[in-house]
């Protein structure tokens, strides 16, 4: 499922807006996901070169972290539940870890 330039731009904006809502640093997110800082940046950039499985995992992680913090995430307009079903035809999506807000 290839995304248009507009869809990539919206996804990038939504990922960044949701990252802000988590109140987590890039380092905390990368640690939770067991990613390098560069891998996190690549997923946040949501370009045609980004790993789609990483982008979806980041999306799911951010949404879960926001809900765990008692907030509501910015809705994703491209990475939707309906599109998740389509993506599963091509990629094996990964489960996401939870951030331990009790221990920082």
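The values are calculated or read from the model by the stated rules, or taken from the named source; none is laboratory data. Just so it is clear, the model here is predicted, and its values are computed rather than measured. Cβ atoms come from the backbone with ideal geometry, glycine included; neighbour counts cover every protein chain shown.
Listed conditions (1) loosely packed, with under 14 Cβ neighbours inside 10 Å; (2) touching a helix residue (DSSP H, G or I) at 6+ places or on another chain (Cβ under 9 Å); (3) in a helix (DSSP H, G or I) are all met by residue 13, apart from (2). Within the option set 24, 64, being touching a residue at least 60 places away in the same chain (Cβ under 8 Å) and closer than 17 Å to residue 97 by Cα holds for one residue only, 24.
Taken over segment 36-59, residues that are buried (at least 18 other Cβ atoms within 10 Å of the Cβ) and in contact (Cβ under 8 Å) with a residue 12 or more places away in the chain amount to 12. A search for C-beta distances below 7 Å between a residue of segment 82-100 that is farther than 27 Å from residue 24 by Cβ and any residue that is at pLDDT below 80 and assigned to a loop (DSSP other than H, G, I, E, B), counting only pairs 6+ apart in sequence or on different chains, returns 86/1; 90/1.
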